[in-house]
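One structure is given below, encoded as structure tokens.
The values are calculated or read from the model by the stated rules, or taken from the named source; none is laboratory data. From a predicted model like this one, the values you see are computed outputs, not experimental measurements. In this analysis, Cβ positions are derived from the backbone assuming ideal geometry, glycine residues included, and neighbour counts consider all displayed protein chains. The accessibility values were calculated without ligands, DNA or RNA, using every heavy atom of the protein model including side chains. Shrake-Rupley method; radii C 1.70, N 1.55, O 1.52, S 1.80 Å.
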Amino acid sequence: MKTINDMFEWLINLGGPAIMFIIITLLSMVFGVKFSKSLESGIRMAIALTGMTAAISLLTNALGPALKDFVKMSGVDLSVTDLGWAPLAVITWGSIYTLYFAFICTITNLVLLLFNKTKTLNVDLFNIWNISVLGLLIEYYAHNMVVTSIFVIGIYILILKNSDALKPSINHVLEYDEKNVTTTAHPSLLIAPFVLIVDKFITKFLPFIDKFDFNAETLNRKIGFWGSKFAIGVYLGVFIGILGQQPLKEVLVLGFTTGVVLELFAYIGGWFGSAIEPLSNRISDLMSSRLRGRKLYVGIDWPILASSAELWAVINLLAPILLVIAMILPGNNVLPLGGILLTILAPALLLITRGRVIRMTLIGTILIPLFLWAATMISEFLTNTSKSMGEFPSGLSKGQMFSSVDSDPIEKMLAILIGNAWDTLDIKLILISIVAIIAYISIFAWYFKAMKVKDQDIKS
């Protein structure tokens with residue numbers, strides 16, 4: 001077991017781009033793509049992920065000083081520091097439980113495919129750490145691997161079914177044809193049912209807001225450069241710079257940086273399609289010729305959506321909104337820094353609203369408190385676990401707590417609730433847990449039906 005775990009850690013430590021290079025190359029060869037084309041696809045995927053990571057880091061580093069200065073001027077004291085996804089990754093990759101979670105999730109995926117209960121083959125091994133966080137969190141409170149395993153399997157089934165449900169929206173947003181097999185099974189998209197609930201509310205009570213919406217490409221055609229991704233990025237960067245009362249030089253640098261990054265996002269996002277195309281075509285041919293037209297989707301990371309200008313426009317709009325809400329939200333102790341871009345919320349907003357910027361921004365604003373509350377709730381788990389593993393982040397004082405504004409806020413709250421209920425056997429907590437589980441499953445059941453109706457309405 002130690003040898004297997006060491007091999008797994010070695011693979012994980014290669015990083016996301018290297019892992020996806022290996023997986024896409026091998027998977028393409030397994031499905032009969034020529035070696036040279038398979039290798040090319042793997043390299044293209046690795047380059048796309050590397051470019052996206054670099055662009056996100058550039059934007060995060062650019063926004064950081066202005067947002068920190070804005071918080072300092074407000075005088076608000078938020079005691080828990082958001083360090084982004086890295087602390088969660090360190091904790092999961094340093095635990096042998098992650099290997100176990102990866103194993104049961106892979107088996108679950110294969111069983112569901114065998115019995116035709118999902119169309120998605122999730123090859124995004126790198127992001128198994130998102131699932132492992134949930135597993136480690138419930139184990140931290142419940143101290144019972146049976147409960148933990150059932151919870152992880154249940155969540156992973158919903159991730160795969162959600163990937164199936166969102167595929168038509170991915171096709172619509174990215175203008176894929178019906179033969180395309182690329183999808184994403186990223187765990188952050190589990191927020192989609194709750195996005196849809198708010199979206200339905202807006203449709204019924206606030207439909208007029210769509211009159212003020214804009215499409216970045218249409219805007220660009222109408223007013224030229226002033227509606228381009230470059231220009232939109234500059235507007236947003238300058239706004240954030242002014243919000244943080246930065247010197248004129250820094251305001252201009254931030255505006256220009258945001259402008260070029262917004263353009264880079266769309267450009268790099270287009271690389272994912274060409275990387276997966278040979279595998280996509282081969283799978284489509286095999287499904288048509290040997291499996292009577294059965295669909296099989298290949299799930300990769302969320303940046304396949306990064307070519308959407310609307311996605312990044314909303315991410316930039318939500319960054320200062322997240323900061324303002326963090327300062328006034330009751331029950332929040334987290335200063336959002338590492339997760340300021342909210343890439344764990346924006347993809348679901350994009351797919352559910354089909355790129356309507358005003359809706360995306362409004363729904364995102366409404367749901368932001370969930371992410372802040374969840375980050376506050378897991379701060380004890382993260383801080384204590386990192387200390388016990390000897391991985392406490394450098395630069396923090398000994399008594400300081402840290403957290404991460406990251407994906408799956410509802411699932412994290414559910415894990416803590418169920419874990420505490422099992423550990424204490426408190427009747428009240430048990431009853432609340434049962435009601436919460438029933439409500440959670442019911443919301444997903446409604447969501448899957450609603451998405452089918454939504455897709456049929458668009459086709460008709």
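Worth pointing out:
- Filtering the range 72-90 to residues that are modelled with pLDDT under 80, in contact with a helix residue (DSSP H, G or I) (Cβ under 6 Å, 6 or more places away or on another chain) and over 22 Å from ILE56 (Cα atoms) leaves SER74, VAL76.
- Check on THR343, closer than 13 Å to VAL405 by Cα and open to solvent by 20 Å² or more (accessible area, probe 1.4 Å): yes
- Single match in ASP423, ASP455 (criterion: part of a helix (DSSP H, G or I), in contact (Cβ under 8 Å) with a residue 60 or more places away in the chain and in contact with a His (Cβ under 8 Å, 6 or more places away or on another chain)): ASP423
- Candidates are the residues of the range 109-127 that are surrounded by fewer than 21 Cβ atoms within 10 Å (Cβ to Cβ) and part of a helix (DSSP H, G or I); the one that is modelled with the lowest pLDDT is LEU125.
- Apart from one condition, LYS412 fits all of (1) open to solvent by 70 Å² or more (accessible area, probe 1.4 Å); (2) over 17 Å from LEU322 (Cβ atoms); (3) in contact (Cβ under 8 Å) with a residue 60 or more places away in the chain; (4) assigned to a helix (DSSP H, G or I); the exception is (1).
- Some residue of the range 304-327 being open to solvent by 10 Å² or more (accessible area, probe 1.4 Å), not hydroxyl-bearing (Ser, Thr, Tyr) and not in a helix (DSSP H, G or I): no
- Lone unmet requirement of (1) surrounded by fewer than 17 Cβ atoms within 10 Å (Cβ to Cβ); (2) β-branched (Val, Ile, Thr); (3) not in a loop (DSSP other than H, G, I, E, B) for VAL76: (3)
- Within the range 44-77, the set of residues being of a type in the set (Ser, Thr, Tyr) and touching a residue at least 60 places away in the same chain (Cβ under 8 Å) comprises THR60, SER74.
- Restricting attention to the range 415-439, the residues that are aliphatic (A, V, I, L, M), buried (at least 17 other Cβ atoms within 10 Å of the Cβ) and over 26 Å from the mean Cα position of the chain (by Cα) add up to 2.
- Residue in the range 163-182 that is of a type outside the set (A, V, I, L, M), assigned to a helix (DSSP H, G or I) and over 29 Å from GLY355 (Cα atoms) present: no
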